Amino acid sequence: MIAVVAAVSGFQVNGWNVVRARFQQQALHWSRQNNYTSEVMSNLSQFVWLFFGAVILLQFIGRRGIILVSSGGATLLGALLMLSKQPEEAIISFAMFQGLSSLSQPLFNSIISLAAPPGQQGVLQTCLELMNTLAGSLGPVCFGAIYEALDPTAPGVGQWRMELYIAYTVLFSITTLLLTLSLIRQVEDVEDGKRRKKSEIER
């Protein structure tokens with residue numbers, strides 16, 4: 001299950017970055033200054049959400065809640081970027097939701113540490129990096145070909161092409177969310193079993 005989540009995530013993230021970059025260049029006439037500003041705002045957003053927002057959210061909604069909110073943030077970010085008409089709109093979207101969409105990654109790393117015994121964590125990390133690399137290398141090729149065939153910025157195309165990308169973003173976010181929540185449930189079941197077994201031994 002961990003390998004599936006890592007592969008799907010790597011395929012999506014790397015592929016979607018290709019779509020986003022091409023859309024920014026063609027539809028928003030993205031400049032070097034726009035790129036610099038968006039990077040600064042994205043890093044600032046990640047700092048605020050990871051160091052402050054995560055602590056607060058974890059106390060009130062727990063791990064599942066954070067993953068749900070983070071998936072929602074990633075969905076909103078993807079949709080708002082594709083709906084942007086000006087570079088400033090995209091930069092504001094990065095500032096608001098880039099950090100929120102990144103909250104699930106530290107939790108996923110903690111799940112990995114719980115899913116494998118201490119002696120096998122290195123092997124698991126290596127396998128996950130391999131899966132992520134392989135899937136991540138396929139993502140840009142597939143997404144690039146799809147974007148060439150369904151370019152939403154081409155003259156005279158219908159609005160349905162833009163809506164198709166937004167619908168895909170929503171669908172993928174839901175799929176990843178369900179896989180991650182299922183993984184959390186499996187890890188928690190294993191942890192509960194270990195605690196019960198330890199409790200029985202102590203008796």
(message) Can you find, within the range 58-88, the residue that is nearest to Leu107 (Cα to Cα) among those that are surrounded by 19 or more Cβ atoms within 10 Å (Cβ to Cβ) and of a type in the set (S, T, N, Q)?
(response) Ser70
(request) Go through Gly139, Gly119 for me and flag whichever is in a helix (DSSP H, G or I) and modelled with pLDDT under 75. (result) Gly119
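Return yes or no: is Leu183 assigned to a helix (DSSP H, G or I) and either touching a Leu at 6+ places or on another chain (Cβ under 7 Å) or at pLDDT below 75 (or both)? Explain how you work it out, then say what you get.
Details: assigned to a helix (DSSP H, G or I): yes; either touching a Leu at 6+ places or on another chain (Cβ under 7 Å) or at pLDDT below 75 (or both): yes.
Yes.
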(request) Filter the range 62-95 for residues that are out of contact with any helix residue (DSSP H, G or I) (no Cβ under 7 Å at 6 or more places or on another chain) and in a helix (DSSP H, G or I) and give the result. (result) Gly62, Gly72, Leu83, Glu88, Glu89, Ile92
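The values are calculated or read from the model by the stated rules, or taken from the named source; none is laboratory data. All values derive from a computational prediction rather than experimental measurement. Glycine also receives a Cβ, built like all others from the backbone with ideal geometry; neighbour counts cover every protein chain displayed.
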